[in-house]
Amino acid sequence: MTRRSIGIIVNGVTGRMGYRQHLVRSLLAIRESGGVPLADGTTIWPEPVLVGRNETKLRELAERHGLTDWTTDLTSALARDDVEIYFDALVTQQREKAIRQAIEAGKHIYTEKPLAEDTAGALDLARAADAAGVRTGVVQDKLFLPGLRKLKRLVDGGFFGRILSVRGEFGYWVFEGDWQPAQRPSWNYRAEDGGGITSDMFPHWHYVLEELFGRVNAVSCVTATHVPERVDEDGRAYAATADDAAYAIFELDGGVIAQINSSWGVRVYRDELVEFQVDGTEGSAVAGLRNCRVQHRAVTPKPVWNPDLPATEDFRAQWAEVPDNEEFDNGFKVQWEAFLRHVVAGEPFQWDFLAGARGVQLAELGLRAAREGVRVQVPELQR
C-alpha cells in the first residue's frame, strides 16, 4: 500500500467550525481511520498546516493534538511546494481575499460557505479558479447528514409520487450574551461584519432544495431582527444590525413549493434543530439531522376537524421510521474524503465554486425580496 501525503492549509482553525468539524472530526478523524483509500491501493494521508492570527491559540491547539506544523503567516504557507490544498474557515468578509491569494498560488481550494459576500465576488472567484486550473469545492455538509440521505433515498425511489411541497423549520434560541453566554459569535449579528441568518443559511437551503427537489426558480422572503441588542464576547452591549430570522417561500421546478423558516430567536419544539416535511401524492416524510419518518398514502388516517372535542389520535405514532440500512459517518468528513479523492484521483465532485456561487446568489436575492417586498426570479448563473 502506497501512502500519498497531501499538505492542507487549514486557515481559521481556531474558530468553532474550523476546529471542531474540519480539523478534529474530519482531517484528524481521517488519519485515525488510516487515510482515504483509492481504487489503485493508494491511501491519501492529510498533513494539516494550521494557520491563524493568534500564535498562542495555534500553539496550544497543535500541542493538544500532537501537531507541529502551524504558522500565522499565510503567505509563507501558500508558498510551500508540499502544500496542495487551501481550506478556508475564516469569517465571510475575509474569505474572498484569502481564496484569491490561494488561487494565485496555484492551490486547490476547499472552503466553508458562503463563498463570498455577493454573487459577483463568488462568480469572479469561480472564473479565476477555472482560469488557474485549480480544483475547487464548497462545504455542503447537510447533504451528507443521515436524515437527508434517507430523504434522498425516498425521493430517488419514487416514494412520494409527485412532490407537492416542502416545509422546513430550522433554528434555536441563541442567548443574548448578558445572563448566559451566546453560543454563536457576535459578528453573526452585525451586518457590517457580514452577519445575518439569510446569508448564513440560504446557501444551505439552496443546495438542499436543488439536490433533492429541483432548481429554485423564485424566492419571496421576510426577514427580521427579533433581538435588537446583544452582548459580545467581552461583555459589551452592541446593536444587532443583521437579520436573525428569515421566513421564505421558494418556488421550484415542477411546481414544488418550499417554505423554510430560519431563526435564531425560536425555542425548539421539534425532534431536531432542523426538520423538513415533504408531502407528495403517494406519501409524506419528515426528516431531520439523523432521523426520517414516513407515512404512505395507503396508511394515511382520515382525521376530522372538530374543535369541540379533544384529539384522540396520536398522530406521531402513525408514522414509520426509515431504517439506517447503512453506517453513516460524519457529514463533514464524508465530503472531505470526496474532495481529497477529487484532487488526487480526479473523481467527480459537483460542489465546486459555481455551486457555491448559486448559494450566494439565493441569499442575495432573498435579502432583496425582503428589502423590496417582492417576489424575485432566480436567473441561471453562467461561468
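Each value in this text was obtained by applying a stated rule to the coordinates, not by laboratory testing. Here the structure is a predicted model, which means the values were calculated and not measured. Because the Cβ atoms are built from the backbone with ideal geometry, glycine has one as well, and the counts that use them run over all protein chains shown.
The simple spin-label model puts a point 7 Å past each Cα toward its Cβ; for HIS296 and VAL91 those points are separated by 5.2 nm.
Dividing the summed helix terms, -39500 (n - 2.57) for each DSSP H run of n ≥ 4, by the number of residues in the chain produces a 222 nm estimate of -9000 deg cm²/dmol to the nearest 500.
In a reduced charge model with +1 at each Lys and Arg Cβ and -1 at each Asp and Glu Cβ, the chain shows a dipole moment near 380 debye about its Cα centre.
With 32 Å as the limit on Cα-Cα distance, the pairs of LYS107/LYS333; LYS97/LYS150; LYS57/LYS152 that go past it are LYS97/LYS150; LYS57/LYS152. Estimated at 0.36 nm per residue, the fully extended path between SER76 and GLU55 surpasses their Cα-Cα distance by 6.0 nm.
Ranking of ILE103, ILE85 by neighbouring Cβ atoms within 10 Å, starting from the fewest: ILE103, ILE85. Ordering VAL299, ILE99, VAL83 by the projection of their Cα atoms onto the charge dipole of the chain, which places +1 on the Cβ of Lys and Arg and -1 on the Cβ of Asp and Glu, puts VAL299 at the extreme positive end. Shown for SER263, SER165: other C-beta atoms within 10 Å of each C-beta, ranked fewest to most, produce the order SER165, SER263. Listed values (i) 5, 24, 33, 25, 9, 3, 1, 0, 0; (ii) 5, 21, 30, 27, 13, 3, 1, 0; (iii) 5, 22, 29, 23, 13, 6, 2, 0 include one computed from this model; for P(r) over Cα pairs in 10 Å bins from 0, in percent that value carries the label (ii). Sorting ILE260, ILE99 by the number of Cβ atoms found within 10 Å of their own Cβ, with the fewest placed first, yields ILE260, ILE99.
Using 0.36 nm per residue and subtracting the Cα-Cα separation, the extra length available between VAL222 and ALA320 on full extension is 31.9 nm.
For ASP308 and ILE249, the FRET efficiency from 1/(1 + (r/R0)^6), where r spans their Cβ atoms and R0 equals 41 Å, is about 0.80.
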